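One structure is given here, and the rest of the page talks about it.
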Amino acid sequence: MAPPPSMAAASDRAGPGADPGAGDSSLRLRRPPSADAGDLPGDSSSGQRESGEPHPPPPNPQQQQQHEMLYFRASAPAHRRVKESPLSSDAIFRQSHAGLLNLCIVVLVAVNSRLIIENLMKYGLLIRAGFWFSARSLGDWPLLMCCLTLPIFPLVAFMAEKLIRRKLIGEHVVILLHIIITTSVIVYPVVVILKCDSAVLSGFVLMFLASIMWMKLVSYAHTNYDIRVLSKSTEKGAAYGNYVDPENMKDPTINSLVYFMLAPTLCYQPTYPRTACIRKGWVIRQLVKCIVFTGLMGFIIEQYINPIVKNSKHPLKGNFLNAIERVLKLSVPTLYVWLCMFYCFFHLWLNILAEILCFGDREFYKDWWNAKTVEEYWRMWNMPVHKWIIRHIYFPCMRKGLPRGVAILISFLVSAVFHEICVAVPCHIFKFWAFFGIMFQIPLVFLTRYLQDKFKNIMVGNMIFWFFFSILGQPIFVLLYYHDVMNRQAQASR
């Protein structure tokens, strides 16, 4: 591209008919050193020079101002090269969107502030605890006794391992004992909850603890069995290279069992990576955050979700448009509650527990919010459960010769069963909504994978995940379970 015309003053000094470019070179109109050929000063691509061209020293502000004054003369070309608009399809992913993110945050705060004021003006303060806790459930000693007696099952599992280590029982006997123990740790609280008409949250906490203990005991039995198999193989001369860690081939001890039962992991191993000290101030700050976000969850549930579901009808029995309106209205508060729950449990509580126990591996989740497929989401959002499923279900199925699709199906089936147990038992209803909701993830896995493969570098799968997760999935299940629980309570009170 030709340089811009010379200044008129330079032409005058050169004399009439003289070459415009023959004047003083310091007065010729040239591009600022900070700009590339064809770029305006301040352009994001300025500063890039032709290869091999030496980079001049940065000009002082006075020189920079003089260059800009010359550069922006009317005779200087304003359009020098082909450029895309920032929001065009070719350039949008190369731009920074920090300002738009700030705008979204401001709008989100403004809209939700209006909704909070409108809700308080319409309903007043609706905080109550009867649906979650009641004086009857707090004084219901069978649930409390069931929770206090759950640690008996790990002790029995430890005794079974000690017996086989001393060769007092055979391999088949210890396997049978572990099956009885793991089955009992689930059946026992289910029977207690169904026999006692407890509050929903009390029953859910008990089933949640029982499910965690079941997974821990399965891992404890499976890992110790595998250690025994590897020990026998190495004694016969089999070589496993770096796959066998001598530190994790030790016999089980009561200390290792107690630490495992308290640690924020579902996968047993004799030793874990440990940190050097406990940061007491950090623990206190996280506890305060945990209390604040737990209170925020309760506020959103009582102040927003309960009024919406009370003014709704069963989504499968009422008017279709009314059901859609309730689902869309529920989508925002249920998403807020789920995000608060995730932050409270997976970030705050598990890190608090890890800090107190000096547990080193604190990868309790990954960036699941960027998941491009449903399969990526399930691999990243709950790392303790994901590692447990991979270690004790998925790869054991693969080692048995099952196809990958069958192994995935079995993994989702186990997850669906426990989701249903943890929700249906405390609610005292068995409609299998949670079970079918988890199993519905399987076709979504293949759908989002296909769309992601077809539309490269576009977050189509991520948008579908967020749609089914926050807009469609959770609000529908809240309505289904709420109306089923209310119908059951109405029938029981007759």
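The values are calculated or read from the model by the stated rules, or taken from the named source; none is laboratory data. Quantities reported herein were computed from a predicted structural model and do not represent experimental measurements. Note that we place each Cβ from the backbone using ideal geometry, even for glycine, and neighbour counts take in every protein chain shown. We work out accessible area using only protein heavy atoms, side chains counted, and drop any ligands, DNA or RNA first. Shrake-Rupley method; radii C 1.70, N 1.55, O 1.52, S 1.80 Å.
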Practice prompt. With only Lys, Arg, Asp and Glu charged, each at its Cβ (+1 for the first two, -1 for the last two), find how big the charge dipole of region 297-364 is about the Cα centre; round to the nearest 20 debye.
Written response: 540
Worksheet, complete the sentence: Computed over region 278-327, protein heavy atoms only, probe 1.4 angstrom, the accessible area per residue in square angstrom equals 62
Discussion item. I want to verify the translational diffusion coefficient of region 392-490 in µm²/s; compute it with Stokes-Einstein, Rh as the Kirkwood radius over Cα pairs, at 4 °C and 1.567 mPa s.
Written reply: 84
Response to the item:
Of 162, 400, ordered by accessible area with the largest first and a 1.4 Å probe, the sequence is 400, 162
Worksheet item: For region 433-449 and region 158-233, what is the separation of their Cα centres, given in Å?
Response: 29
Practice prompt. Using the structure shown, select from 195/387; 162/280; 366/456; 122/431 the pairs with a Cα to Cα distance greater than 28 angstrom.
Written response: 195/387; 162/280; 122/431
Worksheet item: When only alpha-carbon atoms count, how far does region 312-405 stretch along each of its three principal axes, as whole angstroms with the largest first?
Response: 49, 41, 23
Worksheet item: What number, in percent, do you get for the relative contact order of region 392-452 if the mean sequence gap of Cα pairs under 8 Å and at least 6 apart is divided by its residue count?
Response: 28
